[in-house]
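Participant: Pasting in a structure now, in structure tokens, and then I'll have a few things to ask.
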Amino acid sequence: MSDGEHLFPLTSAAVSTLSVFEELPSTNAWQRTHSAELSEWSITATLSQTAGRGRLGRSWLSHPGGSLAFSVMFPACSGQHRSWLSLVAGAAVAESIHALGVASVIVKWPNDVLVDSEKISGILCEALPDSRVIVGIGVNLDMSSDNPVAPGATGLSAHLNEIGGASDSLMASIVGRLQQWNAVPVDQAAEWARGYVEPFMGTLGSFVSVHQNSSTFWSGQALGLDDAGHLLVRDNADQAIRTVVASDILHLR
């Protein structure tokens, strides 16, 4: 384990504990295993994650030094604070990447972060029995020949001339937004989240294909988000407005 304060001074100043590892199979798995020892806002980070996971059981491919993987121990939450959490995290990633100078970054519902239709970041939130939530985030950094990314993916180095210090800036900015979200009063949660997330949500207004499983899918236009952050889509077949809770979404145009 490395000296997080030396490597990531901005992030260290923002959280209770920052643990940086040269390599880990999964930062989420590490936090889950050590959850009893971790305080709220503890961060576990690595630049070499060998067995990362994404939504719907997918793997998160990473090469040493090619991506940043980190997990944040979010305080116990419920209701809208829980249902909007992954969307707020996705918007926080997009906002942080935009602040670095990547203007074309968007969020694909619920929390894939894209640049020019290619994936640069993903989020996986995992609830613990005590209602805390591990917010796992992966961001592709270096897209050189030594660090190829998966088809349909991209990295910061493809869009910025210099990415030195980007990891610290990203983590500090993202955790700051998560802390702000945690402090939003319950009766203002949906309004705050919608106002924060929707400007980054490239899915809204788009025609999409909704894949409920490997054999069931339908198409429509994404209209908005309900009070729980679920996607509202008008079905092309019968014009009914359907609520999408956990399906895979593909942008059609």
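Participant: Calculate the length of the line joining the C-alpha centroid of the range 106-126 to that of the range 176-253, in whole Å.
Facilitator: Using only Cα atoms to place each centre, the spacing works out to 13 Å.
Participant: By DSSP, what percent of the beta bridges with both residues in the chain are antiparallel, rounded to the nearest 5?
Facilitator: Values: 47 of 54 bridges.
DSSP beta bridges in the chain are roughly 85 percent antiparallel.
Participant: When ranked by the protection proxy of mean other Cβ atoms within 10 Å per residue, highest first, what sequence do the peptides 34-45, 111-122 form? Each step should come with its number before you reach the end.
Facilitator: Numbers: 34-45: 17.4, 111-122: 21.8.
The most tightly packed comes first, giving 111-122, 34-45.
Participant: Rolling a 1.4 Å sphere over the protein heavy atoms, what is the accessible area per residue of the chain, to the nearest Å²?
Facilitator: Working: 11210 Å² over 253 residues.
Each residue of the chain exposes 44 Å² on average to a 1.4 Å probe.
Participant: Hey, another quick one. If you stretched the chain out fully between Asp130 and Ala150, how much longer would it get, using 0.36 nm times the residue separation minus the C-alpha to C-alpha distance?
Facilitator: Fully extending the segment from Asp130 to Ala150 adds 3.7 nm.
Participant: Classify the range 135-242 as rounded, prolate or oblate, taking a ≥ b ≥ c as the square roots of the eigenvalues of its Cα gyration tensor: rounded when a/c is under 1.5, otherwise prolate if a/b is larger than b/c and oblate if not. Walk me through the numbers before you get to the answer.
Facilitator: Numbers: a/c = 2.79, a/b = 1.30, b/c = 2.15.
Oblate shape, in that a/c is at least 1.5 and b/c is the bigger or equal ratio.
Participant: Still on this model: Could you give the length gained on full extension between Glu22 and Asn213, defined as 0.36 nm per residue of separation minus the Cα-Cα distance, in nm? Could the numbers behind the result be given before it?
Facilitator: Values: separation 191, 0.36 × 191 = 68.76 nm, distance 3.66 nm.
Between Glu22 and Asn213, full extension yields 65.1 nm more.
Participant: Here is a further query. Which of Met143, Met171, Met73 ends up with the largest GNM mean-square fluctuation for the chain, with Cα atoms connected below 10 Å?
Facilitator: Per the Cα network of the chain with a 10 Å cutoff, Met143 tops the list.
Participant: Output the DSSP H helices from the chain with an along-axis C-alpha extent of no less than 15 Å and a mean Kyte-Doolittle hydropathy no less than 1.0. The partial results should precede the final answer.
Facilitator: On the way: long enough: 85-100 (23 Å, 1.54); 166-183 (26 Å, 0.08).
Helices meeting the criterion: 85-100.
Participant: Taking only C-alpha pairs under 8 Å that are 6+ residues apart, what is the relative contact order of the chain in percent? Please report the intermediate quantities before stating the final value.
Facilitator: Values: 524 pairs, mean separation 41.1, N = 253.
Here the relative contact order equals 16 percent.
Participant: With every protein chain present, what accessible area does Phe217 have (1.4 Å probe, heavy atoms only), rounded to the nearest 10 Å²?
Facilitator: Taking all protein chains as shown, Phe217 has close to 130 Å².
The values are calculated or read from the model by the stated rules, or taken from the named source; none is laboratory data. Everything numeric here is computed off the predicted structure, so don't read it as measured data. Neighbour counts are summed over all protein chains in view; Cβ atoms, including those assigned to glycine, are modelled from backbone coordinates with ideal geometry. Only protein heavy atoms, including side chains, enter the accessible area calculation; ligands, DNA and RNA are left aside. Shrake-Rupley method; radii C 1.70, N 1.55, O 1.52, S 1.80 Å.
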